[in-house]
1. I'd like the full set of residues that are in a helix (DSSP H, G or I) and either in contact with a Phe, Trp or Tyr (Cβ under 8 Å, 6 or more places away or on another chain) or within 19 Å of residue A:108 (Cα to Cα) (or both), limited to segment A:129-185.
2. Mind checking which residues of segment B:300-309 are open to solvent by 10 Å² or more (accessible area, probe 1.4 Å) and touching a helix residue (DSSP H, G or I) at 6+ places or on another chain (Cβ under 6 Å)?
3. Do you know which of the residues in segment B:314-334 that are more than 15 Å from residue B:19 (Cα to Cα), open to solvent by less than 20 Å² (accessible area, probe 1.4 Å) and more than 10 Å from chain A (Cβ to nearest Cβ) is modelled with the highest pLDDT?
4. Could you say whether any residue in segment A:200-221 is of a type in the set (D, E, K, R), open to solvent by less than 30 Å² (accessible area, probe 1.4 Å) and within 29 Å of the chain's Cα centre (by Cα)?
5. Return the residue satisfying two criteria in turn: it lies in segment A:163-198 and is within 35 Å of the chain's Cα centre (by Cα) and free of Cβ contacts under 8 Å to residues at least 24 places away in the same chain, and of such residues it is surrounded by the fewest Cβ atoms within 10 Å (Cβ to Cβ).
6. Select, from A:289, A:252, A:260, the only residue that is more than 30 Å from residue A:156 (Cβ to Cβ) and either assigned to a helix (DSSP H, G or I) or over 30 Å from the mean Cα position of the chain (by Cα) (or both).
7. Looking only at segment A:423-440, which residues are free of Cβ contacts under 8 Å to residues at least 12 places away in the same chain and either touching an Asp or Glu at 6+ places or on another chain (Cβ under 7 Å) or part of a helix (DSSP H, G or I) (or both)?
8. Within segment B:150-167, is there a residue that is modelled with pLDDT under 90, closer than 15 Å to residue B:288 by Cα and part of a helix (DSSP H, G or I)?
Amino acid sequence: MRLQETIKVLLSSNTGKAGAGFLLLMVVVSIYVVISYPLDFGLRFWNNPVVWADNPKNVPPAWSSIFTDLKRVKHTTLRATEPTEVVPGTGIDTRLYTFNLGYQFDEPPSFTSFALDNITYYSRPPIITLSIARPDGKEILLYRHVVRGPDPGESFPISRYVESPYRVYLSGDDSVLFNIADFARQELGLDIPLSQLRGMVDRIIFGIPAEEGGQDFEVLRGNYTIKAATQVYHPQDSVGEVVFVLGGSIYGVMGTDSLGRDLATGLLFGFPVALVIGLVTAILTTIIGAFMGILSGYKGGKTDTIIQRSCDILANVPLLPILIFLIFILGQKLGLVILILVTFGWPGLTILIRSMVLQYHSSQLVEATRALGASPWRIMFRHIFFQIAPFVLAQMIFFTPAAILAEAGLSFLGLGDPSIPTWGQILESGFRTGAVFAGYWWWVIPPGLLIVLAAMTFVLLTLGMEPVVNPRLRR
Amino acid sequence: MSLIIKLATRGLTLFVVLLVVLLLVVITLGATGFSERMLQATISEELRGLRQSLAQTIRDPAQLEEALSLHHEELISYYHLDKPWSYRLPDLVRRVLTLDLGEARTLRSFEGSSQVSEIVAERLLNTILLVTTASVITAILGLLIGPRLATKVGSRLDRVACLFLAFSYALPSMWVGIFLILAFSFSVNLFPTGGMYSLPPPEGGIERFMDLLWHAVLPIVTLVLVSFGSWTYTIRTMVLNTAQEPFVSVGRAKGLPERMVERRYILRVAAPPIVTSLMLGLAGSLGGAILTETVFNWPGMGRLYYDAILAADESVIVALTFIFTLIYIFARFILEILYLILDPRIRYA
């Protein structure tokens, strides 16, 4: 049967159509990921906590808020590279970076943070003061920072925070805590012990006491102005970027995990990886399996016995325990996983192919070609192979989900390749850190669903291939 | 006679499988230097004990060190650490076979022992309990549903059912477990999230058993859900293939009741290939058990695998790999016997 014909039969059934549709979807997403993601995504981004520091931890996807009446905090990052206003002074210029924030949410932010990037100065180190003006007219001084002075032997201009930004986690910073305590005492008349104040910082900044003198805060909605005032002592001094982050209680399309990683990016990266694992394993398994099967069935004799005995042994090895053992000892590498899956996978196919080849061995077609003087290799791989080709193709598709599921299982046991994030690994990190028992469904449900989708794609294709392999089922 | 030969051949093949796995394990351990590290850990453990007992009698520190280093060398030659790793292979094979793998690094048995063999042994039964129960339920469900679908092949029911069975094949067991926990213990609080007994376990035989049952529901449902699909689909296909044979038509033509045709003519003949497919699915269900136990914190060998990986405890992993292969081969052999009983062609050949 020709390829076009095969595809036509495949697409004539609904299962085949659905499978082909899913496959197309996976391929399109994979191509997008391969083009737009860096190759070292796993090490440089996914498993690098610095990249995700400014993201809220363990928050559900943005769309999940439609299920609650609560207006949840949208994750907001405010950046400025140029000052909004420059106030000249005598020898000291004050550059003001202001952000306007309309706060209309029903809860305080999950955290606030502040960052400075790439500061250069020519005389005295700049001083940065961060404050926030609230809708009720009160202003809170949050944080003051003096850029580190010149080290001995260092000459001007001095650059700071070039490689990584200077970052303050305002919600947990001690000096912010003292400033908030002062604010509570002077402006609200509340004397809250520091130990209690810790963890209340954002609630106080973005709230007012629910009742006079009480320590319960409710959200104060309205326009806030965040001001970062930079005092510089030299006109050429420069500040690369000022960043203020309002930590959301919802994030992105798929939410975040306990490191603040944007799950959507990780899940997307899983598409090409799953395809590669499934297809490479399946193709290699099929090539070896078909080759050995045809050889075993056609040659017979000693070759047959040797191949069949090795198949008996290799096909009987319990896969997952061996996989766990070998990967644990030899190292967590994806290539090794594929190699092991192929090593123990091909015999199953060889046994099947051999029994099919035996039927063709004595067929008139083979007899005729042999009479024409064709060499055994030509008969095996030009004539017999093309007789069983649709079956081999169906088997190849059938092997694909097994490989994807095996890798997912292995990753789930903590033996995934750390340089290549997969769906199984995302599931594992969710399980290991207790996301299941905390109810963080957005972390553990989607990766599993995608594994099901990937496996289901190939299962549907296998079902659609049935009429190709078994012509009696053709309609 | 041919029955015994057949059985002996299968038994021999399975024995060779065990041997191959064993060799793979010990050679990997030897060639990567893991066995050396394991032995060194044993030696330093012994030396630490010796130092404490010697310190009672030998007061002079220099003399103590000398005695210890002497003993160290003795131990090194005793364990053949001064020879290349291939020399130690037979001994390593013996140690794996007898599970004489020393002490686990951090894992302990429920009674507090750190002997690898004891840690593994007490969990063996829990795994067998879970896997056997789930397998029996799956087998019964498949035998009830599979033939029903085969008689209605091509109907809408059959097509929808096949899609569901395919879906079941595509399910990763750990995710099904997580899903069930989220649905039935986190949101509804109907079943426990894991473990085998409540803490503290209830007294009394019946109550204890009910508690066990209550904890086992979700893991068993998980295992059944993931293995039931391919199993039922196989039965359906096998029954379907047999039902198209001429002798079935003959049976019908003789006017035999349909139930009898189904049982004696179709199911009986389809039984051996069904057992064969059960054999092929065995490795998969063991793998599923490892993952399911991990999710539900079921104190079996599968969960031990996960704990050993987290604790990087190679002795426990070696022991588990060996025991899992052993269980697998044992189960395979039982199925081989079953196959021989079911297939009269071999008996009368």
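1. Those that are in a helix (DSSP H, G or I) and either in contact with a Phe, Trp or Tyr (Cβ under 8 Å, 6 or more places away or on another chain) or within 19 Å of residue A:108 (Cα to Cα) (or both): A:170, A:171, A:172, A:175, A:176, A:177, A:179, A:180, A:181, A:183, A:184.
2. B:303, B:309
3. Taking the candidates together, the pick is B:316.
4. no
5. Within segment A:163-198, the match that is surrounded by the fewest Cβ atoms within 10 Å (Cβ to Cβ) is A:163.
6. Exactly one of A:289, A:252, A:260 is more than 30 Å from residue A:156 (Cβ to Cβ) and either assigned to a helix (DSSP H, G or I) or over 30 Å from the mean Cα position of the chain (by Cα) (or both), namely A:289.
7. A:436, A:437
8. Within segment B:150-167, not a single residue is modelled with pLDDT under 90, closer than 15 Å to residue B:288 by Cα and part of a helix (DSSP H, G or I).
The values are calculated or read from the model by the stated rules, or taken from the named source; none is laboratory data. Model, not experiment: these values are computed from the prediction. Glycine also receives a Cβ, built like all others from the backbone with ideal geometry; neighbour counts cover every protein chain displayed. Ligands, DNA and RNA are stripped out before the accessible areas are found, and what is left, the full protein with its side chains, is counted by its heavy atoms. Shrake-Rupley method; radii C 1.70, N 1.55, O 1.52, S 1.80 Å.
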